Amino acid sequence: MSKWIGLVIAAIGLPALAVQTSHWTHTNEGDFKNGTMENVVVTNLGDLKLSRAVKTLLEQDAKVSAVYALAAAKDGTVYAGTGPQGVVLQIKGDKVKELIKLDDVTNVFSLIVDKENGLLIGTGGETGKIYRIAKPGDKPKELFSAEGVHYIWCMTQAVDGTIYAGTGPTGQLYQIKPDGSHEVLLDTDENNLLCMVSDGKDLLYVGTDPDGLVYRINRKTKEAYVVHDAPESEIGALALDGKGNLYAGTAEAMEQAGETEAASATEKIGRPESGSGVPIPTPARPEPKPPEVPNPNPGEPDPIPKGKSKDKKDDVKKLMLLDVIATQSSATKTKAHEPRRPIPPGGHPVPSTAPTPSVGITPPSGIMPRGAETGQPREGGNAIYRIDKEGLVHEIFRQPVLVMSMIVNDGALLVGTGNEGQIYQINPDQEETVALANVEAKQVMALLPVPGRIILGLANTGSISALTEGFASEGTYTSAVLDAQQVSRFGKMQLHGSLPAGTSIKVQARSGNISEPNDTFWSKWTESTSAQEFLSVTAPAARFLQYRLTLATSDGKKTPVLDDVDVSYQSPNLAPVIKSIKTSSSAGKSGENAGNGAAPAIVAPATANHTEALTWEGSDPNGDELQYRLYFRRGSQSPWILLKDKIKEANFEWDTRSASDGWYELKVVASDELANAPGSGRETSRISDPLIVDNTPPVVSGLKSATGAGAVRVEFAASDRTSTLASFGYTVDSSEQWQSVLPSDKIADSLDENVNFSISGLKPGVHQIAVRAIDAKGNPAVATVNVTVDAPAKP
């Protein structure tokens, strides 16, 4: 699978070309999980294969919305505890019937068959109780109840016949003798003791909510010890293997039901040395030319066969169609105080018609009234932790699921989850997690191994199924909608995998131009084609594509395996886009604060600006490299004149001193011709707002002065033929400091202005007064007049 990662990295390093082939590549668990699977699963190593066959034993029943617990008698009879109406079912072979019904406000959360082959029933409701049925047909007898106990979440029986029950909502572990006498063995600060497993001797392990603790209790010495404090708030399932390893699965849900963007399992590249995966060979190509390609995986079995290339006429037709389309396109752990054990709607132990539990009774939040939504997995997903005999903790599983049930079967760990109804098989030594099956019900609440199969207790749609040892005879995988961003033509699909004898993979595809696929506005599925290493995707050119794989086997012990799928596509060359073009004139004019009626201010000497700075925003839908040409013209009707070509950056500075005064327009042309084959490049253009070129200063005329009473009165006229006058000022005796003045009408806003002002405080004698007028482009005009100041007037 790493070969495709290398391919993608190599493609990133190439220059973007419109005619370059693009790829959708599905090679790991996260890629395939976005699609829809029916009797198909994907492993954490990215292998797509048939799921185990699942046989439904009990369809949804009006009395049953969840099957919480399973237990098997010595004669093979299986019992199922359900909710919300207190029904216990009896399963013999494939036949399911009702054994007893307790009452309408009871959930059966736990079941065990005791040493005398009697059935112990743990309930939840207004009062949590344990009932015993000595044999089928007998009426249930109450064995245990205690003040404050509302839920019997889990039970186990020790070798001496003592029964242990984990309860809620006050987190107590009870020790119950066969005669019904009892005592509290462990009183925790937790709300609920949700799951329990025994080592068959003196040790009990209990998982809690809401602090996600795993206790180890010695039932003889009554010593309790926390062996693990999980980051998650809830331990949903526990299991022990034959080597003494303890497995703890978490089931923390989000505070509010809703979609979660939980991270998928950490991607692992490659396999352990002892793995059993089936890599796919690539057989050598036949003579004559091209030369043979070396086989990268010599000696490996059952490769997906190579196919022969088809006639190129279809490809030519696709190219012609795409050219038409292109032309048309261009024209147009925070600990929660509320426990959260998500189970299906209808699982509430106390319906609205029954008395409400007293304040402080907090069942896990998944226990909801009928119709309520079940909780979603916590952000970041839930985990399974392996705690070895030395107490070391290793995370062996993390997925965006709720771990609801877990057993050890034939040395492997089987895990039932919600809310996607997936059943996983985990081999920690091989670092392999295999999704064995998906069930229609969203939650797998209980797993029970019996000869030849695994019985499944399901929730959300309360039902019972059996997971067989063989693979399903047929399954389908439908990819998520693949988006090419533009109408594109589709090339080859490349497949790698294995096809053992008696197995097959069929391939189909369809396309459309709306994001939601449907049978009306998308093309029909293409004809089903047997898998080959290279297959032509014959769906019509469009923006969106889906592919569908049908996996089948005639031998339940074998399954086809698909390692990766690569679909090539090519988008038409679309014209570049110029979103905007700006000039320094459009960004604001000099002297914008002049003439606003404010008090005159000291102004710096003027400097004419004869450079027009242009910037624009250019992009290409295909990601092509662009180059630009810049044109100018006087007015709006004159011919365009090339100013500069082969511009790489989206900016340019135009020195306007080589142009005569007047109004001009600029045009930017963007082209992708360098990124496309000769003659197939495309271009687009955009014209700027009109701008003024003004290299000529204003004219100052009529400058005259008058003196009297210790002051000098100055007046003059100014005019400009192209741009408005922007500011005025004067200085005395060639001083570097200019004083701003306003025109006579107090606003500089036209081509002609009159200015008059008085200067006082001058010393007697001759002085030179310089006046200045500056236009909007910064061109200054200066004129001077000499004045003689008499002795100041006497006060």
Solvent-accessible heavy-atom area per residue, rounded to whole Å², over the stretch 507-574 at 1.4 Å: 42
Accessible-area composition of the stretch 38-88, carbon plus sulfur, in percent [1.4 Å probe]: 40
Whole-Hz ³J(HN,Hα) from phi, Karplus 6.51 cos²θ - 1.76 cosθ + 1.60, for the stretch 153-167, glycine and proline x: 6, 8, 9, 8, 10, 7, 4, 8, x, 5, 9, 10, 10, x, 10
Diffusion constant of the stretch 137-262 at 37 °C, which comes from Stokes-Einstein with the Kirkwood Cα-pair radius and 0.692 mPa s, µm²/s: 214
Neighbourhood net charge (13 Å Cβ-Cβ; Lys/Arg +1, Asp/Glu -1) for Gly765: -1
Per residue, in Å², the accessible surface of the stretch 52-107 once ligands and nucleic acids are set aside, probe 1.4 Å: 43
Where labels lie 7 Å past Cα in the beta-carbon direction, separation of Lys524 and Thr36 in nm: 1.9
Residues Asp104 and Lys55, FRET efficiency given R0 of 22 Å [Cβ-Cβ distance, rounded to 0.05]: 0.15
Förster radius 60 Å - calculated FRET efficiency between Glu474 and Asp189, Cβ distance, rounded to 0.05: 0.70
The stretch 22-102: trypsin sites (Lys or Arg not before Pro) falling in loop per DSSP and having at most 11 other Cβ within 10 Å: Lys74
Low-density loop cleavage sites - trypsin sites (Lys or Arg not before Pro) in the stretch 138-243, where at most 16 other Cβ are within 10 Å (DSSP): Lys201, Lys220, Lys222, Lys243
Extent along principal axes [Cα atoms of the stretch 379-450; Å; largest to smallest]: 39, 35, 19
Among the listed pairs Lys74/Lys95; Lys141/Lys243; Lys63/Lys222; Lys506/Lys557; Lys95/Lys139; Lys63/Lys135, those beyond 29 Å (Cα-Cα): Lys141/Lys243; Lys63/Lys222
Equivalent ellipsoid semi-axes - Cα gyration tensor, the stretch 510-583, angstrom: 37, 16, 11
Spatial separation of Cα centroids for the stretch 537-565 and the stretch 135-191, in angstrom: 52
Under 5 Å, built H, 5+ apart or other chain: amide partners of Asp564: His496
Bins of 10 Å, starting at 0 and running to the largest distance - Cα pair percent for the stretch 87-178: 16, 51, 28, 5
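The values are calculated or read from the model by the stated rules, or taken from the named source; none is laboratory data. Here the structure is a predicted model, which means the values were calculated and not measured. Ideal geometry is used to build each Cβ from the backbone, glycine not excepted, and the neighbour counts take in all protein chains shown. In case anyone asks, the SASA skips ligands and DNA or RNA and just uses the protein heavy atoms, side chains included. Shrake-Rupley method; radii C 1.70, N 1.55, O 1.52, S 1.80 Å.
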